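No lab work stands behind these numbers, since they all come straight from the coordinates. Not measured: the values here are computed from a predicted model.
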């Protein structure tokens, strides 16, 4: 599995997820909510002991959610769901399951850290100009410490 993120100039984040079977899911994420900040904080929650987290991304008119569930000490199930409306009140599993992959928490953390690093390399001002939110520096640094320990 691989994840790639590209922040466009005007409030959109392109996320591309490639499954182990080389299937590609493209998610155009809107700045309507701080999806990047949510991803970073939910990843930290996993490392602090949460058994399951959900990362929410507005896609206008719908939304996508990453549900990450621990299935063993060091392994997680990574699922991508598509919801039909923004800020959906439905439970995640009411959405359309686009992908489900099993991988190590270490690999998932490294994928997100690599992509967050690319976004940080835009520069904090440019990041804020493009995304309208501050870069999640505190969570990024915590994720970096986790990656360095691996």
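Here are some notes:
- Mean-position separation - Cα centroids, region 1-59 and region 98-150, in angstrom: 10 Å
- The value of relative contact order for the chain, using C-alpha pairs under 8 Å at least six residues apart, is 21 percent.
- Gyration tensor verdict on region 22-150 (Cα atoms; rounded if a/c is under 1.5, prolate if a/b is larger than b/c, oblate otherwise): oblate
- Estimated purely from DSSP H runs of n ≥ 4, each contributing -39500 (n - 2.57), the mean residue ellipticity at 222 nm for the chain is -10500 deg cm²/dmol once divided by its residues.
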